[in-house]
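Only one structure is covered here, and it is reproduced in the block below.
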Amino acid sequence: MAVRSDPTRPALGRPPSPRGGGSARVLPGLIPGLVALAFIALLIGGAFVGLLVEAARNPAGAVSAFDTYLLRIAGFTLWQAALSTVLSVAPAIVVARALSRHPRFPGRAALLRLFSLPLALPAVVAALGMLALYGRAGFLAPLLGWFAGGDWPGIYGLSGILAAHVFFNLPLASRLLLEALDAVPDDRWRLASQLGMGPRAAFNLVEWPAIRVALPGAAGLIFMLCVASFTVVLMLGGGPGATTLEVAIYQALRFDFDPARAVALTLAQLVLTVAVIAMLARIGADPAREPNIAVSRRRFVAASTGETAANAAIILLAALFVAGPLAATVAAGLGADLTRLAGEASVQRAAVTSLALAALSAALAVTLTLALVLARAALEAARRRGADRSWLEFASDTGAGFVLVVPPVVIGAGWFILLRTIADVFVLAPVMVVTVNAVMAMPFVLRAVRPAHDAASARYDRLAEQLGITGWNRFRLVDLPPLRRPLATGLAFAMALSLGDLGVIALYGSDAVQTLPYLLLQRMGSYRTQDAAGLALFLGLLCLGLMLLADRLGRRASR
Amino acid sequence: MKSAGLAVTLDQAAFSYGGAPMLFDVRFEPGVITAIMGPSGSGKSTLLSLVAGFETPTAGRILIGDDDVTSTAPSARPVSMIFQENNLFAHLDAGANVGLGISPSLRLTDADRARIAEALSRTGLAGMETRLPGQLSGGERQRVSLARALVRDRPVLLLDEPFASLGPALRDEMIALLAEVQGERGMTVLFVTHQPEDARRAAARLVYVEDGRVGASGSSADMFGAAGPAAFHRYLGARPAK
Amino acid sequence: MRRTVPLISAAAVAASILSAAAQEKLTVYTYESFTAEWGPGPQVEKAFEAECGCDLDFVSVADGVALLNRVRLEGTGTRADIVLGLDTNLTAEAKATGLFAPHGIELANVAVPGGWTDDVFVPFDYGYFAVVYDSERVKSPPKSLKELVEGDPALKIAIQDPRTSTPGLGLLLWMKAVYGDGAADAWAKLKGRVLTVTPGWSEAYGLFTAGEAEMVLSYTTSPAYHMIAEGTERYQAAAFEEGHYLQIEVAGITTKGAANPLAARFLAFMTGPGFQDVIPETNWMLPAGKTDKPLNPAFDTLVKPAKTLLFSPDEVAANRKAWVDEWLAAMSR
């Protein structure tokens, strides 16, 4: 603002090192981040090494992987992921903005919790939930058929893939962007209301800049999720015309047992995704951070009646879109013999196992994220304005997110090969589940936490430096407290994600880790559809419970 | 307890931040309040940042007293600083915010707490230890910052437009408080302001910064007087000297 | 990670010392639904342990394909004495690993369509792939594969992907067995009736029971589950004139298990009533050996294929890739 127009005044968020530019002083905040990066690199690299050891027996598969089939499915993979990302993120901007304009209305907190539920559902459950509404035999089929002028053909094909991806990712994007909007300095809001800015001007001058900062990250995250989509793509895709690289990797590793080909395809997936994300990052270059934040958190927004009505409609539409398939899932679940299910020892065991694994994964994910966020901030602080970001800084932010496009089945198989000779793989199964889920959840936590961290550090860096608050004291007294709420959001996301996942352990043998989603698929695989529906309901409830807990933790901590 | 003020010297301190190069060569008298004035973008804040240690000169030296602090970390310099805003940690109460001036790990003894209470009451906030910054007015928040500077008790106090966002009456109060406190402690105060009245009321000396260098300096009375430097008077505008 | 490994190896060592002190033991690798509470596993374990006075230890992984991969990865260091749950489409590759030993048992009890002569693998159950339909919505079900291919495109079928699932591969082979070189054209015709191609059996069957598809590729035995467990005759399998493709599930002794006398004993037990009586109503497949109990009458109402279709394991191994490519091309047209 006034300060920023003063060119000689350095932005507060970038205190240069006192030694000037490129001194060789080791940044203390960097060490946990380096450990976290090493941990992630070890997890992914180890898996590759494992597969390559095996692939050495028959390396030909790696070369044969690159054919026209690969070209075609790579094209489709990127195309559907790009479309899904646009369709998820664009409406999410509107939804997040509407939610941010109305920080208090009945049901808002419940809605935000609802928004993290889709992530907790196994893809097949979510897909069936979507179909219960929009499918051929769906609840809305007669209406849709009437519009279409004939029998409703369902949403199979690209439209089905997109609809399901939006169902998963619109709520995610909305929450991430809302988190970014919440980090907007109140001075900005105050200024906006002082100047009598209308909604459009406030959007252009206050909200959009904040969203723009968070947009590349959120869009990148969603893009990667959609690249790695598997069940949804096959189940709703309508035929092999809709094939993603993930399908080919799965096929290479399972049916063909060709580790060389699996590694080659995974690398192809990784490289393509990196290329797209790099382009994305170029378009939405990070603008400078905000130097000013007032200490009080008050909102000075008075939306007009017209705008309130529009926002209400937007929020209601988004809520219906997300709640519809969830309601269908609940309705199906209520048809199951819930008391019998709840009484079954295996279900109770699975619930406990799920909770324990999700809690551990989430804790690890949050720890990794904090380490990375702090490391990135330390690196950015050490860099002179205008200098290019180092690869390390990139790695500790967007870079770490690329783990999402390494299929869990690849990590699982690679580590299985490495560890089979030195340890009992059954004992390792839970360790693998926790580790892989934590690393896969980390990018979500990162997106939830980073805007708040960066805003807080912009506000406090100089003060802390002046007062000599460093190291652990700085983490404890300065960095952590303003992060409690976003950390709680991140924790909830991580737990939801870990609850629903079961990708890693196919080979390990699941006797050791029978989680709820595992039990669900098992029942579905043996005609027990009703049981499966009931278990999906339990899974949703469990996730909701965790979400409430995380909210409470976040609220208590941030007073 | 009186921390004897130390002189602050910028010895041919050069700096460049993308824009035009700056070069400061100036000595601030010990134990008095010096106002630093000048147009927006002239380099006032950069000058304070160089003294505080947030910026490092590309050439030249920074001296506090007789010590060369050119490459000393900000917290190790005998300096306290109060910014225009964001002087307090929003999640810590007033007492803790002051306490950070004593111990950066917030491990406080009873004696420390007594000092905090004393400093708060000295700045007119007796009994407000447990208030969160959000529950304080803008003026009260700056008083907390001042209280922290008191317990830190460093020979040099830097103020970067600390009262810019306060109303006239409140600003007058704060200036008076600053002058009182300085009178008691005798520290060296460097005070960036845009308000000629502030400088007139509190500052013994005045340094005028223009285009990245010191354009003129002298006692406030001389500077504001009819014989003061022309450039400074152009900056002040055509207002008659009282 | 690094810290947990020594800890875990220590636990593994401790566990192996403990088990060495116990009675004789047989380790069987199998797929998960086999060892589920309602699967055959628990009853089979009880019956065999009572007979042999030994300890039968099931180790389960996701499915038959994962089973083969697991054994392949463990190599000669595997703990498995027996691998139970491969099907005839996987046995050629399994033999090629050199990790399986001849079973050496009497096959007198074994009864599968077309007979059985393999000296490495022994069948424990079998089933026929079939198109299962919702009788409330399909009034005149297809009577042949040809009718399925050429029928009303408004009535949809959910099928599985041959690249990722066993039944998907089954349908591919079925079409190939019936149409031969014309399979690609047949697929192109069938494409109009295919609602979607799912990654596995569960997703397709889920779509079917949710009412999204009128038909699904499954087994002739599927209706038995609905009749016996749910008491409904709504879901029926369609009998096809050309015959039905057969899936035989087998078990084999590993080279490690060849040294364990319990292994051959288990395979012999497997072909007898102690094992076979359990199969129909737990694994929902047909028994491949001698039974004592008569089958539930519901099984008598199931489709009995006029003709059995089956490629030899070697034919499948040699042609699978080419046939999948042909399918891909036809379905993507």
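Straight-distance candidates among the lysines for linking to C:Lys176, with alpha-carbon spacing under 28 Å and chain neighbours fewer than 8 residues away dropped: C:Lys95, C:Lys139, C:Lys143, C:Lys146, C:Lys156, C:Lys189, C:Lys191, C:Lys304, C:Lys307, C:Lys321. Only Lys, Arg, Asp and Glu carry charge here, each on its Cβ (+1 for the first two, -1 for the last two); on that basis the protein assembly as shown has a dipole of about 4280 debye about its Cα centre.
The Cys residues in the protein assembly as shown with no partner Cys Cβ within less than 4.7 Å of their Cβ are A:Cys226, A:Cys543. Computed from phi, the 3J(HN,Hα) profile of the range C:145-160 under the Karplus parametrisation 6.51, -1.76, 1.60 (θ = phi - 60°) reads 4, 4, 5, 4, 5, 9, x, 4, x, 6, 8, 9, 10, 9, 10, 9 Hz, with x in place of Gly and Pro. Relative protection proxy for C:52-64, A:482-494, from highest mean packing down: A:482-494, C:52-64 (other beta-carbon atoms within 10 angstrom). Look at where the Cα atoms of the range A:87-146 and of the range C:239-295 average out, and the two centres are 47 Å apart.
With R₀ fixed at 25 Å, the C-beta to C-beta distance from B:Arg61 to B:Glu197 puts the FRET efficiency at about 0.15.
The alpha carbon centroids of the range B:11-84 and the range C:183-230 are separated by 78 Å. Close amide H contacts of B:Met81 (hydrogens built in the peptide plane, cut-off under 5 Å, sequence separation of 5 or more or a different chain): B:Leu158. Dipole of the range A:65-334 computed with +1 at Lys/Arg Cβ and -1 at Asp/Glu Cβ about the Cα centre; of A:His102, A:Ala74, A:Leu236, farthest Cα towards the positive end is A:His102. Using θ = phi - 60° in the Karplus curve 6.51 cos²θ - 1.76 cosθ + 1.60, the 3J(HN,Hα) couplings for the range B:122-128 round to 4, 8, x, 10, 3, x, 9 Hz; x is entered for Gly and Pro. Spin-label model, A:Trp391/A:Ala327: points 7 Å from Cα along the beta carbon direction are separated by 5.2 nm. Excluding B:Arg61 itself, what net charge comes from residues whose Cβ is under 10 Å from its Cβ, given Lys and Arg +1 and Asp and Glu -1? Within the 10 Å Cβ shell, the charges total -2. Taking label points 7 Å from Cα along the Cα-to-Cβ direction, A:Asp151 and B:Thr109 give a separation of 8.8 nm. With respect to chain B, whose longest principal axis is taken over its alpha-carbon atoms, helix B:168-185 is tilted by about 80°. Helical content of chain B, expressed as a calculated mean residue ellipticity at 222 nm, amounts to -9500 deg cm²/dmol (DSSP H runs of 4 or more residues, -39,500 (n - 2.57) each, divided by residue number, nearest 500). The distance between label points at A:Ser304 and A:Leu549 comes to 4.7 nm (points 7 Å beyond Cα on the Cα→Cβ vector).
Using the Cβ of C:Glu281 as centre and a radius below 15 Å, the other residues enclosed give a net charge of -4, where K and R count +1 and D and E count -1.
Derived from the Cα gyration tensor, the three semi-axes of the equivalent ellipsoid of the range A:65-334 are 36, 26, 15 Å, largest first. Taken as Cα centroids, the range C:55-94 and the range A:156-182 sit 40 Å apart, rounded to the nearest whole angstrom.
Could you give the dipole magnitude of the range A:65-334 about its Cα centre, charging the beta-carbon of Lys and Arg +1 and that of Asp and Glu -1, in debye to the nearest 20?
About 740 debye.
If the chain linking A:Phe475 and A:Arg108 were pulled fully straight, counting 0.36 nm for each residue of separation and taking away their Cα-Cα distance, it would gain 129.0 nm. Distant-in-sequence amide contacts of B:Gly215, defined by a placed amide H-H separation under 5 Å and a gap of 5 or more residues or a different chain, comprise B:Tyr208, B:Val209, B:Glu210.
Under 5 Å between amide hydrogens, built in the peptide plane, is the criterion, and for B:Ala7 it picks out B:Gly65 among residues at least 5 positions away or on other chains.
Scoring A:428-436, C:304-312 by mean Cβ neighbours within 10 Å over their residues and listing the highest first yields A:428-436, C:304-312. In chain C, helices alone account for a calculated mean residue ellipticity at 222 nm of -11500 deg cm²/dmol, with every DSSP H run of four or more residues adding -39,500 (n - 2.57).
Here the peptides A:96-108, C:217-229 are ranked by packing, the mean other Cβ count within 10 Å, and the order with the highest first is C:217-229, A:96-108. Suppose R0 equals 56 Å; then what is the FRET efficiency for A:Glu344 and A:Thr68 from their Cβ-Cβ distance, rounded to the nearest 0.05? That gives a FRET efficiency of 0.65.
Bear in mind these aren't lab numbers, they're just calculated from the coordinates by the rules spelled out. Model, not experiment: these values are computed from the prediction. When we count neighbours, we look across all protein chains shown, and the Cβ atoms used for this are built from the backbone with ideal geometry, even at glycine.
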